[in-house]
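Visitor: What follows is a structure written as structure tokens; I'll ask about it next.
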Amino acid sequence: MIARSFKSVIWVATVGGAALSCYMVSLRVATERADLAKVEHQILVAKRDIRMLQTELGTRGRMSQLEDWNSNVLALSAPTSAQFVHDDMTLARLERHDATVEERTSGDVRMASAETGVAVAPAAPAAPAAEAPKPRVVTAIAHAPPPPAPTAVVHQASYTIGPKSPLGTEPKKAEPKPERHAKAAPAAKPAPEKKLAAKGAPDNKAAAKPAPEKKLAAAKAKPAPEKKAPEKKLASRGKIVRHPAAAQESDAD
Amino acid sequence: MTAYVAIDSRTAAPAPRPGGLALTYHRLMLIMLVFAGVTMLIATRLLWLQVSTDRSTGDTGFNPLIPARGDIVDRNGIALARSIDAWTIAIHPDRLLGNPEELALKLAQLIPEHSADDYRKLLKSKKSFAYLSHRALPELVSAVNALGEPAIEFSREPERLYPQTGLAAHVLGWTSTEGHGVSGMEKVLDARLTGPQRGAPVELSIDTRVQATMESELAAAMTKFSAIGAAGVVLDLKTGEVLAMTSLPQLNPNRPGQGAVDAGFNRATLGVYELGSTFKPFTVAMAMDSGIIKSFNQMYNCPTGLPIAGGHVITDTHPFGGPCSVADIMRESSNIGTAQIAAQVGSQRQQDFLRRMGFLEPVQVELHERGRTLTPGNNWGEVATMTVGFGHGIAVTPLHLALGYATLFNGGIRRPATLYKVGPGHPVPEGTRVFTEETSRRMRGLLRLVVLAGTGKKADAPGFRVGGKTGTAEKLQGGHYSGSAVVTTFAGVFPMDEPRYVVVAMLDDPKATPDTFGFHTAGWNVAPVVSRVVSRVGALLGVAPDPSREADLTEVAAYLKPEAKH
């Protein structure tokens with residue numbers, strides 16, 4: 001009875017609800033469309049910006065400008081015909097020939113390497129000094145104190161000036177290792193080489209001979225003053241390392 | 001507790017009149033109708049909007065990415081010409097609110113292209129519109145905006161920008177302020193660049209890197225030798241594509257009105273020059289094709305002077321004073337020897353060859369700026385044949401010369417030069433045969449000899465097997481040749497074992513300098529330009545320098561040492 005008397009109201013509500021939901025759907029679609037249009041517009045704007053920026057970049061990096069920079073600032077020039085390689089053989093021949101240990105030590109050259117962290121048993125007890133003219137490699141293996149990580153040691157050795165550097169103690173622990181021949185040198189880590197390179201100059205020992213790569217730099221002998229602190233530390237170790245026979249500098253290589 | 005009694009006022013109200021109720025209903029109905037009508041109106045309008053509005057934006061209508069004028073790019077897609085939206089500052093003097101005196105001073109400070117007086121005149125002129133600045137920088141726009149004058153209007157208008165500034169300016173040409181091409185490819189492509197296809201850029205055959213190299217090397221030589229002008233062409237000899245074409249003095253198409261007076265003149269296609277000894281290989285090739293020259297060892301009599309009709313005497317810069325072979329003639333660039341070969345070829349045959357090479361008509365290229373060849377015309381007798389044989393008495397453009405060398409070294413087939421990148425839509429034309437393949441092949445050794453042991457030594461680029469010919473021609477000044485002003489040219493081809501590119505460089509009126517020992521001949525000033533250009537761009541063009549490769553020199557082996565035979 002009640003339902004019948006409310007029938008019309010229910011109908012109106014149903015139709016109204018349906019219409020409303022249809023409208024909502026349509027509104028939703030319209031919103032999505034508007035968003036899409038907005039994004040499309042943004043894309044267009046971005047593309048226009050890209051074009052504009054490309055134009056600007058192209059104008060700033062125009063050929064005449066690049067050529068100016070190439071010739072006046074960077075001093076670059078076109079590769080010559082000799083710089084072109086045509087076959088594998090020529091390419092292989094291009095490989096820079098690094099001097100072997102024998103070649104490097106044909107002069108009176110001392111080499112040292114520091115291995116940090118891992119204790120290495122000496123291969124043989126310290127050998128007496130060989131005859132001076134005979135080239136050899138003397139390798140010192142310094143055991144770093146356990147607490148600092150090996151990398152840290154290397155790092156500080158190269159760059160830290162502070163007196164509390166762990167390296168300061170390191171040389172004391174360093175044990176002169178017997179001459180390690182041949183293969184040891186190529187394996188020498190870059191960091192130790194650097195240390196040694198720096199080492200050569202400060203206490204003005206003519207004998208100080210760093211790794212061959214750094215020979216010229218060390219030969220010039222006058223270190224930059226700000227490098228003094230680490231150099232001295234290294235030098236102390238260098239004394240231990242240095243072979244008694246260490247004699248003259250040699251540029252022969 | 002208080003009791004209230006409410007008196008029902010309705011009972012007190014007078015009884016409604018019988019007609020009054022009907023009237024009320026009537027009014028109510030009217031109001032309802034009005035409401036319904038308005039609602040219907042709004043609903044109809046909404047429906048209409050719903051139906052009529054097209055939401056598919058982007059598909060139709062204006063696409064801002066399509067420029068007002070299409071782009072021009074080089075063969076690698078580097079923009080050579082673009083349209084940008086640039087700020088334009090304009091003023092409506094009739095709507096001026098501020099003080100014209102003050103404003104004129106401020107404008108003169110900000111835009112110093114005109115004086116304060118000019119601005120004052122403009123501001124008082126009561127004109128309705130005038131431009132103050134095209135392509136203004138944003139800083140200038142904000143500075144002018146800060147003047148606060150409402151009569152000044154700022155707008156963004158499409159402007160043509162040449163990002164590479166002067167690069168390939170004569171190829172590109174430039175546009176007028178209305179945005180139409182005035183010269184160069186801008187003019188040729190005007191319809192294409194403003195038409196419906198303008199969204200896609202036009203690809204030219206120009207290679208920006210080669211073009212820049214050519215321009216910088218030529219400009220350096222031009223400065224060094226105080227030349228009044230220069231031209232250069234790099235051509236792909238198999239397809240006829242122009243990879244670089246330049247004319248100096250430089251022109252900036254962004255500001256075409258500025259610069260040297262003759263900067264707008266394209267020396268490469270519009271200027272015609274007597275290109276001198278660079279013609280000699282053509283004469284030799286003609287003689288080979290005609291069966292006159294069978295071997296480069298064929299001997300001619302080369303006295304120190306060769307008298308010809310009209311009382312003139314042909315002379316050589318390196319006189320032989322005795323017998324000389326074809327290879328000698330080419331190596332030492334002998335006018336006397338070449339004149340004799342040309343005479344053997346004969347006037348008719350020479351004209352026929354030159355016509356087939358396209359030397360008697362304006363050069364075949366898309367540009368409108370093409371110079372008319374100057375020839376002996378009806379006066380093409382034996383003397384003219386002899387002088388044309390070594391490049392005098394005939395004036396062609398440097399592009400003609402490049403095309404001639406392309407014809408001679410691509411197997412003998414003449415194709416027109418093109419500034420469009422060859423590809424789909426721009427196929428390589430069939431071409432017509434001018435020289436035999438055999439002649440084309442044998443000429444390689446001869447021109448390589450010129451560079452290895454002759455006048456063109458300074459054009460050699462190590463590893464690139466450059467071959468070519470120098471040419472020094474006296475300029476006609478006031479109707480007669482004067483030894484002081486010359487046009488020096490080098491036409492080179494590389495790599496000579498498998499020719500691929502032609503390089504032509506020309507200097508107009510170079511002067512001698514101390515390091516050329518007083519010479520102003522091509523071997524001293526323009527040949528080094530070719531050497532440097534080839535060594536810089538050779539590898540970019542896919543020619544690997546290889547000292548182990550060499551052109552076939554068996555025919556000229558005996559002449560490789562200058563002392564070997566004289």
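Visitor: Output the residues belonging to region A:53-65 that are over 17 Å from B:G77 (Cα atoms) and at the interface with another protein chain (Cβ under 7 Å from one of its Cβ atoms).
Guide: The answer is A:S64, and nothing else.
Visitor: Go through region A:44-95 and count every residue that is farther than 26 Å from B:A219 by Cα and of a type outside the set (S, T, N, Q).
Guide: Final tally of qualifying residues: 22.
Visitor: Also, I was wondering about something else. Starting from residues that are hydrophobic (A, V, I, L, M, F, W, C) and assigned to a helix (DSSP H, G or I), keep the ones in region B:200-232 and report whichever is surrounded by the fewest Cβ atoms within 10 Å (Cβ to Cβ). Spell out the reasoning first.
Guide: We begin by selecting, within region B:200-232, every residue hydrophobic (A, V, I, L, M, F, W, C); these are B:200, B:202, B:204, B:206, B:210, B:212, B:214, B:218-222, B:225, B:227-228, B:230-231.
Those still in the list that are assigned to a helix (DSSP H, G or I) too: B:210, B:212, B:214, B:218-222.
Values: B:V210: 26, B:A212: 23, B:M214: 32, B:L218: 28, B:A219: 20, B:A220: 15, B:A221: 24, B:M222: 23.
It comes out as B:A220.
Visitor: Is there a residue in region B:418-430 that is out of contact with any helix residue (DSSP H, G or I) (no Cβ under 7 Å at 6 or more places or on another chain), over 20 Å from B:E203 (Cα atoms) and loosely packed, with under 15 Cβ neighbours inside 10 Å? Spell out how you get there, then give the answer.
Guide: In the first step, residues of region B:418-430 are kept if they are out of contact with any helix residue (DSSP H, G or I) (no Cβ under 7 Å at 6 or more places or on another chain); the result is B:418, B:420-430.
Imposing the further condition that a residue be over 20 Å from B:E203 (Cα atoms) reduces the set to B:430.
Going one step further and asking which of them are loosely packed, with under 15 Cβ neighbours inside 10 Å, we end up with B:430.
Among the residues of region B:418-430, at least one is out of contact with any helix residue (DSSP H, G or I) (no Cβ under 7 Å at 6 or more places or on another chain), over 20 Å from B:E203 (Cα atoms) and loosely packed, with under 15 Cβ neighbours inside 10 Å, which makes the answer yes.
Visitor: Failed condition for B:I413, given (1) free of Cβ contacts under 8 Å to residues at least 60 places away in the same chain; (2) of a type in the set (A, V, I, L, M); (3) buried (at least 22 other Cβ atoms within 10 Å of the Cβ); (4) within 30 Å of B:M185 (Cα to Cα), with all others met?
Guide: Status for B:I413: all satisfied but (3).
Conditions tested, residue by residue: (1) outside any strand (DSSP E or B); (2) more than 14 Å from chain A (Cβ to nearest Cβ); (3) closer than 25 Å to B:A230 by Cβ; (4) acidic (D, E).
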site	(1), (2), (3), (4)
B:S133	no, yes, no, no
B:E139	yes, yes, no, yes
B:S142	yes, yes, no, no
B:E149	yes, yes, no, yes
B:S155	no, yes, no, no
B:R160	no, no, no, no
B:Q164	yes, no, yes, no
B:L167	yes, no, yes, no
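Visitor: Just one of (1) more than 27 Å from the chain's Cα centre (by Cα); (2) crowded, with 24+ Cβ neighbours inside 10 Å trips up B:E498, so point out which.
Guide: Failing condition for B:E498: (2).
Visitor: Also, I was wondering about something else. I need the strands (runs of 3 or more DSSP E) fully contained in region B:262-330, keeping only those with at least 1 residues that are in contact with a Leu (Cβ under 6 Å, 6 or more places away or on another chain). Full working, then the answer.
Guide: Numbers: elements: B:299-302, B:305-307, B:313-315, B:322-325.
Fully inside region B:262-330 and qualifying: B:313-315.
Visitor: Of these, B:F129, B:F154, which one is surrounded by fewer than 18 Cβ atoms within 10 Å (Cβ to Cβ), modelled with pLDDT of 85 or more and within 30 Å of A:R62 (Cβ to Cβ)? Break it down into steps so the answer makes sense when it comes.
Guide: Working: B:F129 fails: within 30 Å of A:R62 (Cβ to Cβ).
Going through B:F129, B:F154 in turn, the sole match is B:F154.
Visitor: With the checklist (1) of a type in the set (G, A, S); (2) part of a loop (DSSP other than H, G, I, E, B); (3) more than 14 Å from every other protein chain (Cβ to nearest Cβ) in hand, flag the one item B:G77 doesn't pass.
Guide: (3)
Visitor: Given the structure, is A:R93 farther than 27 Å from B:L80 by Cα and at pLDDT 90 or above?
Guide: On the way: farther than 27 Å from B:L80 by Cα: yes; at pLDDT 90 or above: no.
Judged against the criteria, A:R93 is not a match.
Visitor: Same structure, new question: Counting just the residues of region B:217-236 that are touching a Lys or Arg at 6+ places or on another chain (Cβ under 9 Å) and within 12 Å of chain A (Cβ to nearest Cβ), which one comes out farthest from A:L66 (Cα to Cα)?
Guide: Top of the filtered list is B:A220.
Visitor: Having 2 or more residues that are touching a Pro at 6+ places or on another chain (Cβ under 7 Å) is the bar; report the helices (runs of 4 or more DSSP H) wholly within region A:1-103 that clear it. Please lay out each step first, then the result.
Guide: Values: elements: A:2-5, A:7-60, A:63-68, A:88-94.
Once the helices (runs of 4 or more DSSP H) in region A:1-103 are filtered for at least 2 residues that are touching a Pro at 6+ places or on another chain (Cβ under 7 Å), what remains is A:7-60.
Residues checked against (1) surrounded by 11 or more Cβ atoms within 10 Å (Cβ to Cβ); (2) more than 10 Å from every other protein chain (Cβ to nearest Cβ); (3) among the aliphatic types (A, V, I, L, M):
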site	(1), (2), (3)
A:V39	no, yes, yes
A:R51	yes, no, no
A:E67	yes, no, no
A:A78	yes, no, yes
A:R93	no, yes, no
A:V101	yes, yes, yes
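Visitor: Also: Residues to consider are B:R433, B:R448; find the one that is crowded, with 16+ Cβ neighbours inside 10 Å and among the basic types (K, R).
Guide: Working: B:R433 fails: crowded, with 16+ Cβ neighbours inside 10 Å.
After applying the criteria, what remains is B:R448.
Visitor: Then there is this: Could you say whether any residue in region B:501-521 is at negative phi, within 14 Å of another protein chain (Cβ to nearest Cβ) and either within 24 Å of the chain's Cα centre (by Cα) or not in a strand (DSSP E or B) (or both)? Steps first, answer last, please.
Guide: First, the residues of region B:501-521 that are at negative phi: B:501-508, B:510-516, B:519-521.
Going one step further and asking which of them are within 14 Å of another protein chain (Cβ to nearest Cβ), we end up with none.
Looking through region B:501-521, none of the residues is at negative phi, within 14 Å of another protein chain (Cβ to nearest Cβ) and either within 24 Å of the chain's Cα centre (by Cα) or not in a strand (DSSP E or B) (or both).
The values are calculated or read from the model by the stated rules, or taken from the named source; none is laboratory data. Bear in mind the structure is a predicted one, so any value in this text is a computation, not a measurement. Cβ sites come from the backbone with ideal geometry, for glycine too, and all protein chains shown count toward neighbours.
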